[in-house]
Amino acid sequence: MSAAASDLTELTGTWTLDPAHTRIGFAARHAMVTTVRGQFTGVQGTLELDGANPTASSASVTIDTTTFDSGVADRDAHVKSPDLLDVAQFPTITFTSTGAKASGDDSYVLTGDLTIRGVTRPVEIAITFEGSSKDPFGNVRAGFTGTTSISRKDFGISFNAVLETGGVLISDKVKIELDVSAIKAA
């Protein structure tokens, strides 16, 4: 089974994100000279796909903020601290879609409400359908990639430090990167 962009009808149904094969990551500028990346390893979500009318599809995702990982323990501890995500008080980030529109043959703009640190803001995510197939275990999978950018300050995350040479330690703009593998419910 392989769904082409022109025939999405076989995608209709309920899909569950596969956390072992889904990556929700971020990229932010650090010290004005480099980009730091990280990801959340605890991701759960459901997609309700309408292959005949993809713009009627919906998504709901919950991220466990305690699973943040950048590969550097000290940085991870700081990101999880009250300065930034404050995972003790806000253990989840959520996204609930509110709409979708086609932007190309296999691409869409998904709109929805993103909640970080208890603050909800509307966002638009550029989504690309990467294809679907049956895996060796009999699961039907669909893949999607996506990106969006947010302002940390919009979500009440204002911690920063001014650098001696000018500029700031952490950029306000954060790029969110999605690599999603979803399994169709039986």
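The values are calculated or read from the model by the stated rules, or taken from the named source; none is laboratory data. Worth saying up front: this structure is predicted, and the values here are computed from it rather than measured. FYI the Cβ positions are ideal-geometry reconstructions off the backbone, even for glycines, and counts take in every protein chain you see. Side chains included, ligands, DNA and RNA excluded: accessible areas come from the protein's heavy atoms. Shrake-Rupley method; radii C 1.70, N 1.55, O 1.52, S 1.80 Å.
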- Task: Enumerate the lysines that residue 134 could reach by cross-link, defined here as Cα to Cα under 17 Å, with residues fewer than 8 away along the same chain left out.
- Result: 184
- Note on the structure: For the stretch 95-158, averaging the sequence separation of alpha carbon pairs under 8 Å that lie six or more residues apart and dividing by its residue count, the contact order in percent is 25
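Determine the alpha carbon to alpha carbon distance for each of 101/153; 80/153; 80/173 and list only those over 22 Å. Show your work: numbers first, answer last.
On the way: 101/153 27 Å; 80/153 16 Å; 80/173 18 Å.
The answer is 101/153.
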- Label the chain by shape, choosing from rounded, prolate and oblate, from the square roots a ≥ b ≥ c of the eigenvalues of the Cα gyration tensor; if a/c is under 1.5 it is rounded, and otherwise prolate applies when a/b is larger than b/c, oblate when it is not. prolate
- Message: Which residue, 123, 20, 107, has the largest displacement toward the positive end of the dipole of the chain when charges sit on each Cβ (Lys, Arg +1; Asp, Glu -1)?
- Response: 123
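Could you please state how large a percent of the accessible area of the stretch 32-186 is carbon and sulfur, counting protein chains only and using a 1.4 Å probe?
On the way: 4280 of 8040 Å².
With neighbouring chains kept in place, the figure for the stretch 32-186 is 53 percent.
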- State, to one decimal in nm, how far the label point of residue 126 lies from the label point of residue 89, with both points 7 Å from Cα in the Cβ direction. 3.5
- Message: Can you give me the C-alpha center-to-center distance between the stretch 144-186 and the stretch 68-113, rounded to a whole angstrom?
- Response: 7
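Quick check for you: with a 1.4 Å probe and neighbouring chains kept, what is the accessible area per residue of the chain, in Å²?
On the way: 9550 Å² over 186 residues.
On a per-residue basis, the chain sits at 51 Å².
Viscosity 1.002 mPa s, temperature 20 °C: what is the translational diffusion coefficient of the stretch 91-186 from Stokes-Einstein with a Kirkwood Rh over Cα pairs, rounded to a whole number of µm²/s? Let's see the in-between values first.
Working: Rh = 15.7 Å.
Answer, rounded: 136 µm²/s.
Using a ≥ b ≥ c from the Cα gyration tensor of the stretch 30-93 (square roots of the eigenvalues), is it rounded, prolate or oblate, where a/c under 1.5 gives rounded and otherwise the larger of a/b and b/c decides, a/b for prolate? Don't jump to the answer; show the numbers that get you there.
On the way: a/c = 3.18, a/b = 1.99, b/c = 1.60.
Judged from the Cα gyration tensor, the stretch 30-93 comes out prolate (a/c at least 1.5, a/b above b/c).
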- Message: How much length would be gained if the chain were fully extended between residue 179 and residue 69, taking 0.36 nm per residue of separation minus their Cα-Cα distance, in nm to one decimal?
- Response: 38.0 nm
- Query: Pick from 130, 48, 164: which is most flexible by mean-square fluctuation in a GNM of the chain where alpha carbon atoms under 10 Å apart are linked?
  - Reply: 164
